[in-house]
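The values are calculated or read from the model by the stated rules, or taken from the named source; none is laboratory data. These numbers come from a predicted model, not from an experiment. Cβ: placed from backbone, ideal geometry, glycine included. Neighbour counts: every protein chain shown. Protein only, heavy atoms only, side chains kept; ligands, DNA and RNA dropped before computing areas. Shrake-Rupley method; radii C 1.70, N 1.55, O 1.52, S 1.80 Å.
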Amino acid sequence: MLEKFLENKPLYYDEIDYTRMPRIYAKIKNRVKIPKIIHLVGTNGKGTTGRFLATALYSLGFSTAHYTSPHILEFNERIWCNGKNIATPELDKAHKELLQLLSLEDADALSYFEYTTLIALLCYQECDYIVLEAGLGGEYDATAVFDNILTLVAPIDFDHEAFLGTSIKEIATTKLNAVKSAAILALQPHKEVYIVAAEIAAKKLLKIVPFTEYLNAADEKKVTHITKELGLVEYLQDNLKLAIAALKFLGIDYEAKNFFHAKLFGRLSKLNENIYLDVGHNTLAASSIAKALQGKKYRLIYNSYRDKNYKEILRILKPIVKEVEIIAVNEERIEESALLKETLSDLGIKHSDFSSIDSTQEYLVFGSFSVAETFLRSYYNG
């Protein structure tokens, strides 16, 4: 029922109306129960940070939800609650409830992401905590309309410049303006983020501090234990530390074992001995992957949306790439194959069209959720 309703909804609108979600939510706010919300903004690491935190809270006895996007194989992946993805009947029940709360005009006016954010909220009303991941941005994001107790700021870098701004200062300002009460910063790759954070903290009289303010030697020891248990690469350890800082902010004691079931699929996931899969699709993600996998060469199964800086992404990945195999993706936003191949030739990277997996070769599947979905549905039978 929900799936059919969403079919004709645009994911986002070409003409952004920043007043639509706040205006419509205000009409139903007093009829919806809002748990404690921890808001996640940033460019990379929101998904894994959120899953680390949500899994730990659930393991510690709290009813906990995690809203993330986009999904790889099915929409239900976006709405996780108490250790599992939501069931379709629950989604349809929430859809019916939301249609009763909204006028038909308002329901039709909301974008895909705006509508599904409200669906998630209805599914999560009985939870103790919601870990709520922003979509494209910060202050104007659909998730920013809700009151929250804490904002976690994952690493901020260039991405979605058409919506967020063309400089790190502009992007950081948009994202950090979402902070309502207090915020914790992950390790940031750009010093401008810290400058913007300090300016916003002073202007709004908010506490915005780095994650290191909350971690001590005992926490670092637990990070080492969790890292060994889950096989975390360095950038995933950074996400873990941000989640731990959130627990410390909340005054919640934890043990390493509370994180042992926390890794989110699609973030440098090892499908089998010779295939890694990662849904990263920007330069910061590429840098993290290149660092994590340095020292070896992989056949890169890849494609890209035309609005991504794929030339820079491929340049960053080149040291770990033996050959790029372009996977055909049936998606309107995907770049023309000829243009992608021309870029690869300019970079001096050997390339071909992807057809099948050779069990004697090592692979990295990388380049957006659409690439991951196409590969998993069509070529991977693991």
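List of remarks:
- Using C-alpha pairs under 8 Å with a sequence gap of at least 6, the mean separation divided by the residue count of the range 78-171 gives a relative contact order of 18 percent.
- Under Karplus coefficients 6.51, -1.76 and 1.60, residue-wise ³J(HN,Hα) of the range 28-38 in Hz, glycine/proline x: 10, 3, 6, 10, 10, 7, 10, x, 6, 10, 10
- Neighbours of Lys180, meaning other residues whose beta-carbon lies under 14 angstrom from its beta-carbon, give a summed charge of +2 when Lys and Arg score +1 and Asp and Glu score -1.
- Contact order normalised by residue count of the range 134-247, Cα under 8 Å, 6+ apart, percent: 25
- Potential lengthening between Glu74 and Lys297 on full extension [0.36 nm per residue; Cα-Cα distance subtracted]: 77.1 nm
- The 3J(HN,Hα) values that the Karplus relation (6.51, -1.76, 1.60; θ = phi - 60°) gives for the range 298-310 are, in residue order, 10, 7, 8, 8, 8, 7, 8, 5, 5, 8, 8, 7, 5 Hz. Gly and Pro appear as x.
- Note on the chain: GNM, Cα springs under 10 Å; of Ile72, Ile349, Ile28, the largest mean-square fluctuation is that of Ile28.
- Taking Cβ atoms as reference points and 10 Å as the exclusive limit, the residues near Thr116 contribute a net charge of +1, counting Lys and Arg as +1 and Asp and Glu as -1.
- Local charge for Leu340 was computed over the other residues whose Cβ lies under 15 Å away, with Lys and Arg +1 and Asp and Glu -1, and equals -2.
- Share of carbon and sulfur in the accessible heavy-atom surface of the range 1-152 [1.4 Å probe, %]: 49
- Note on mean projected area of the Cα convex hull in nm²: of the candidates [x] 17.2; [y] 29.1; [z] 18.8, the value calculated from this structure sits at [z].
- Probing with 1.4 Å while keeping every protein chain in the model, the per residue accessible area of the range 146-236 equals 48 Å².
- Over the chain, DSSP H runs of length four or greater, each weighted -39,500 (n - 2.57), average out per residue to a 222 nm ellipticity of -12000 deg cm²/dmol.
- Dipole size of the chain about its Cα centre, with +1 on Lys/Arg Cβ and -1 on Asp/Glu Cβ: approximately 1040 debye, rounded to the nearest 20.
- Amide N proximity, the range 78-117 versus Phe265 label position 7 Å along Cα-to-Cβ, cut-off under 19 Å: 78-91
- Computed extension length for Leu60-Thr88: 7.4 nm, one decimal, from 0.36 nm per residue of separation with the Cα-Cα distance subtracted.
- Cα gyration tensor shape of the range 186-337, rounded if a/c is under 1.5, else prolate or oblate by comparing a/b with b/c: oblate
- Between Asp307 and Tyr194, the modelled label-to-label distance comes to 3.2 nm, taking each label 7 Å out from Cα in the direction of the beta carbon.
- Computed from the C-alpha gyration tensor, the three semi-axes of the ellipsoid equivalent to the range 265-382 are 18, 16, 14 Å, from longest to shortest.
- Contour minus Cα-Cα distance for Met1 and Ser337 (0.36 nm per residue): 117.4 nm
- Taking Tyr18, Tyr58, Tyr214 in turn, the Gaussian network model of the chain (Cα-Cα springs below 10 Å) assigns the largest fluctuation to Tyr18.
- GNM on the chain, alpha-carbon springs under 10 angstrom: the most fluctuating residue among Ile320, Ile252, Ile86 is Ile252.
- Solvent exposure of the range 325-382, expressed per residue, is 53 Å² of accessible area, with all protein chains present and a 1.4 angstrom probe.
- In the structure shown, the pairs Lys46/Lys311; Lys46/Lys318; Lys191/Lys318; Lys311/Lys350; Lys241/Lys263 are assessed against 18 Å; a Cα-Cα span above that value is assigned to Lys46/Lys311; Lys46/Lys318; Lys191/Lys318.
- Computed with a 1.4 Å probe over protein heavy atoms only, the accessible surface of the range 238-299 comes to 40 Å² per residue.
- Amide H contacts of Val321 (H built 1.01 Å from N, under 5 Å, at least 5 apart or other chain): Tyr298
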